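Enquirer: For reference, the structure I am asking about is given below.
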Amino acid sequence: MNQQTLSPSNGGGVSNGIATAPSGEMPLIRQYFRIALRWRYVILGMMAACFLLGLIATLLMTPQYTATATIEISRESNQVTNFQGVERETSVADQEFYQTQYGLLQSRSLSERVAVQLRLVDDPQFYERFGVSRKEPAFQLVNGRYPAAGRLVRQRVAGEILRKHLSVDPTRLSRLVDIHFTSPDGDFSAKVANTWSDAFIQTNLERKVQATSYGRNLLQRQLAQQKERLDESQRQLVAYASQERIINLPAQSNADGSTAERSIVADDLASLNTALSQATAERIAAEARYREGGRAGASSEALRNQAINTLRQRRAEFAAEYQKLLTQFEPEYPAAKALKSQIDQLDRSIASEERRVSGSIETDYRGAVERERALQARVEQLKGSYLDLRRRSIQYNIYQQEVDTNRALYEGLLQRFKEIGVAGGVGVNNVSVVDQADVPQKPSSPRLLINLAIALLAGLGLGAALAFALEQMDEAIADPAEVERRLGLPLLGSVPKVDNVTPKEALLDRKSELVDAYLAIQTNLAFTTEHGVPRSLSVTSTRPAEGKSTTALALATMLARSGRRVILVDGDMRSPSVHHLGGVSHDHGLSNFLAGQDDIAPLTFEMAELGFTAMSAGPIPPNAAELLTGNRLSLLIERLHEHFDHVVIDSPPVMGLADAPLIASRVEGVVYAVESHGIRSTLVKTALARLASANAHIFGGVLTKFEARKAHYGYGYEYGYGYGRDKAAEAKG
């Protein structure tokens with residue numbers, strides 16, 4: 001038979017306005033909200049307990065007073081001079097500097113220093129004020145005083161106490177730092193905070209002085225070592241120069257500011273090379289004059305000679321007079337002849353003077369050539385000497401470089417030694433007190449409102465954790481959605497819990513919540529098979545008293561009211577209950593037919609008020625399971641179908657009995673009743689597994705005794721259960 005199964009995917013049933021199985025998982029926030037509502041009393045109880053504990057603890061606390069001193073920590077200290085100390089100057093973005101200062105403010109040495117300055121190490125009241133009671137010998141009073149032998153131990157403990165009650169709070173985006181100290185005594189708190197800031201400034205100055213002193217001592221040792229190295233390198237240099245006969249002139253400043261010694265050979269070579277260059281130039285000039293002298297009277301020397309120029313001028317004058325006489329007289333004219341004789345004499349004198357000038361030029365030329373040759377030879381000789389000197393000066397230069405390096409290092413160390421000596425004495429401290437700590441006028445703790453708020457939050461957290469743990473441990477079916485989610489059963493509907501009325505009385509009232517719920521279940525059953533409501537079905541549960549008998553009775557009543565012929569069979573032959581509803585005995589019933597009686601009519605009785613026929617369980621047999629193993633039950637169902645449209649069997653519970661699986665295998669399917677908040681889901685799964693092993697078909701589950709308010713589903717369920725009746729009553733009123 002092709003039977004349909006009700007599930008959320010094919011339109012889960014609606015029980016009197018109640019959404020049954022949801023089409024998807026419940027949102028996480030709704031799940032948490034449902035858990036909170038379900039366990040609200042646990043959460044509220046935990047919050048109340050924590051509130052009371054917080055209140056009691058706050059009232060029992062000793063008042064604490066907090067004093068605050070404010071200091072400013074600059075990134076770098078002001079300098080009177082331009083000299084720098086040993087400590088590195090911090091940059092603007094150097095946050096490590098401030099983190100280091102905060103750590104120094106909370107250092108063990110500073111706390112012990114404050115304890116010593118305030119004379120707390122040997123003060124018994126100090127340890128009593130902070131509740132310190134130790135059994136070491138250092139804390140055993142002798143004649144009202146602590147022993148001197150344990151002073152170091154007490155100093156360490158006093159420093160720990162001060163650090164424990166001290167807090168350093170830097171002001172964001174500033175150089176200000178607040179130093180808070182808390183104690184039961186306001187005067188003592190202010191005294192410790194002020195002493196702490198002053199001690200920090202003192203230690204900061206001492207640390208700088210110690211750093212400068214350490215640097216001076218270190219530099220002094222390095223200066224002595226460097227002086228020895230410099231003297232040794234100078235001795236090596238002088239000894240090598242004497243051995244190799246290397247003589248250098250004193251150093252002279254170069255154009256780039258550097259200095260270097262010059263050797264005599266190099267100096268001579270430079271001088272002679274300059275003279276050679278000058279001699280070569282003079283020789284070239286003399287040679288040019290000499291070559292020009294080959295043309296008589298055309299040389300530049302002749303042209304510049306004063307005597308020759310004078311003679312030529314006189315000759316020109318006589319030649320002019322002579323030409324003037326020739327215009328009037330013959331060449332043999334005495335006056336003309338005399339002028340001619342004088343002109344000839346001047347020509348001879350000019351020629352003689354030109355020969356003398358040419359001879360002088362040749363002499364100068366030859367002298368220039370000889371001087372150039374001599375200088376060239378001397379320069380070549382000095383070049384050889386210079387190259388030999390260069391070869392011998394390699395090791396000399398190495399020694400010289402070592403001397404220069406040692407001298408530079410020595411002078412640098414000496415200058416640094418002088419600078420830190422001045423900088424260490426004139427530096428200004430970079431830590432200053434901005435505000436001294438005042439004596440607090442009111443306690444800083446305990447703060448009642450804050451403590452109570454924290455207690456409430458803690459209670460809320462603990463309550464939520466406890467509620468979540470209880471929810472995880474609770475295996476009961478709390479709401480309709482869990483029927484499918486936990487058990488894997490389609491939900492046919494939810495049945496509300498009714499009080500102060502029997503199920504029969506509730507079914508007789510057609511406006512009751514029970515009638516509304518089972519009408520919805522009947523509607524959902526109509527979708528479980530292809531022919532509508534199953535013709536034969538059994539109603540069972542995991543254990544007794546889960547509402548299976550009420551479900552069977554209600555289904556039979558709802559089917560009868562829809563115009564169907566219905567018979568209700570009490571299949572629980574171990575604990576029969578249907579006959580009580582009809583007011584008859586169970587002397588005749590199902591067990592008789594299973595035992596072999598074929599006549600069915602004497603075994604039934606009418607339930608006139610509810611409109612259907614019923615069959616009691618009959619006499620209780622010795623072993624009900626043996627009667628159900630045969631085919632008599634199947635025969636009974638077939639014969640009942642001849643006269644009735646539907647056969648509803650009130651089956652025994654599944655757990656511990658074999659009756660329910662045997663009955664389930666003979667009917668079309670099973671309606672499984674699950675008590676809300678009444679049974680663990682693991683037991684239900686075990687029972688369902690037994691039915692599955694008997695090849696029983698389960699139509700779905702019915703959640704019985706469901707309380708909408710207890711499940712915290714709000715107004716949706718209130719509308720389904722009772723809302724219509726309340727509104728009708730209001731309308732009538």
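Enquirer: If you rank Leu662, Leu449 by how much accessible surface each has, with a 1.4 Å probe, what is the order from largest down?
Expert: Leu449, Leu662
Enquirer: Excluding Ala279 itself, what net charge comes from residues whose Cβ is under 10 Å from its Cβ, given Lys and Arg +1 and Asp and Glu -1?
Expert: So the environment of Ala279 carries a net charge of 0.
Enquirer: Continuing with the same structure: Heavy-atom accessible area per residue, region 510-553, 1.4 Å probe: how many Å²?
Expert: Averaged over the residues of region 510-553, the accessible area is 34 Å².
Enquirer: Would you mind counting up the charge near Val439? Only other residues with Cβ under 15 Å from its Cβ, with Lys and Arg at +1 and Asp and Glu at -1.
Expert: -2
Enquirer: When the Karplus curve 6.51 cos²θ - 1.76 cosθ + 1.60 is applied with θ = phi - 60°, which whole-Hz ³J(HN,Hα) does each residue of region 668-675 get, with x for Gly and Pro?
Expert: 5, x, 10, 9, 9, 9, 10, 7
Enquirer: Leaving out ligands and nucleic acids, note down the accessible area per residue over region 101-206 with a 1.4 angstrom probe, in whole Å².
Expert: Accessible area per residue, region 101-206: 53 Å².
Enquirer: Let a ≥ b ≥ c be the square roots of the eigenvalues of the Cα gyration tensor of region 96-147; is it rounded (a/c under 1.5), or, if not, prolate (a/b larger than b/c) or oblate?
Expert: Because a/c hits 1.5 or more and a/b exceeds b/c, region 96-147 counts as prolate.
Enquirer: Determine how large the accessible area of Thr613 is when every protein chain is in place; take a 1.4 Å probe and give Å² rounded to the nearest 10.
Expert: The value for Thr613 is about 10 Å².
Enquirer: List the relative contact order of region 134-247 as a percent without decimals, with contacts defined as Cα pairs under 8 Å and 6+ residues apart.
Expert: That works out to 10 percent.
Enquirer: Also, I was wondering about something else. Tell me, what is the Rg over Rh of region 590-637, with Rh the Kirkwood radius over Cα pairs?
Expert: Dividing the radius of gyration by the Kirkwood radius yields 1.01.
Enquirer: Relative contact order for region 487-627: what percent, with Cα pairs under 8 Å and sequence separation of 6 or more?
Expert: Relative contact order here is 20 percent.
Enquirer: As a test question: what accessible area, to the nearest 10 Å², does Asp516 have when a 1.4 Å probe is rolled over all protein chains in place?
Expert: 50 Å²
Enquirer: In what sequence, largest accessible area first, do Glu546, Glu626, Glu136 appear using a 1.4 Å probe?
Expert: From most exposed to least exposed: Glu626, Glu136, Glu546.
Enquirer: Students sometimes get this wrong: rank Met61, Met47, Met615 by accessible area, probe 1.4 Å, all chains present, largest first.
Expert: The ordering from most to least exposed comes out as Met61, Met47, Met615.
Enquirer: What shape does region 106-224 take by its C-alpha gyration tensor, where a ≥ b ≥ c are the square roots of the eigenvalues and a/c under 1.5 counts as rounded, a/b above b/c as prolate, and the rest as oblate?
Expert: Oblate shape, in that a/c is at least 1.5 and b/c is the bigger or equal ratio.
Enquirer: What ³J(HN,Hα) values, in whole Hz, does the Karplus curve 6.51 cos²θ - 1.76 cosθ + 1.60 give for region 437-452 when θ = phi - 60°, with x put for Gly and Pro?
Expert: Karplus values, whole Hz, x for Gly and Pro: 6, 9, 6, x, 8, 9, x, 8, 7, x, 9, 4, 5, 5, 5, 5.
Enquirer: Give, as a single signed number, the net charge of other residues whose beta carbon lies under 10 Å from the beta carbon of Ser651, with Lys and Arg counted +1 and Asp and Glu -1.
Expert: Here the charged neighbours net out to -3.
Enquirer: Read phi for every residue in region 325-335 and hand back ³J(HN,Hα) as whole Hz from Karplus 6.51 cos²θ - 1.76 cosθ + 1.60, θ = phi - 60°, with x for Gly and Pro.
Expert: Coupling constants for region 325-335: 5, 5, 6, 10, 10, 7, x, 7, 5, x, 5 Hz.
Enquirer: So, one more: On alpha-carbon atoms, Rg over Rh for region 493-564 using Kirkwood Rh?
Expert: Radius of gyration over Kirkwood radius for region 493-564 works out to 0.95.
Enquirer: Carbon and sulfur together cover what percent of the accessible area of region 573-648 at a 1.4 Å probe radius?
Expert: The C+S portion of the solvent-accessible surface of region 573-648 is 51 percent.
Enquirer: Starting from the Cα gyration tensor of region 523-613, take the square roots of the eigenvalues, sort them a ≥ b ≥ c, and report rounded, prolate or oblate (rounded when a/c is under 1.5, otherwise prolate if a/b is larger than b/c, else oblate).
Expert: Prolate, since a/c reaches 1.5 and a/b exceeds b/c.
The values are calculated or read from the model by the stated rules, or taken from the named source; none is laboratory data. Quantities reported herein were computed from a predicted structural model and do not represent experimental measurements. Every residue, glycine among them, receives a Cβ derived from its backbone with ideal geometry; neighbour counts consider all protein chains shown. Surface areas here come from the heavy atoms of the whole protein model, side chains and all, with no ligands, DNA or RNA. Shrake-Rupley method; radii C 1.70, N 1.55, O 1.52, S 1.80 Å.
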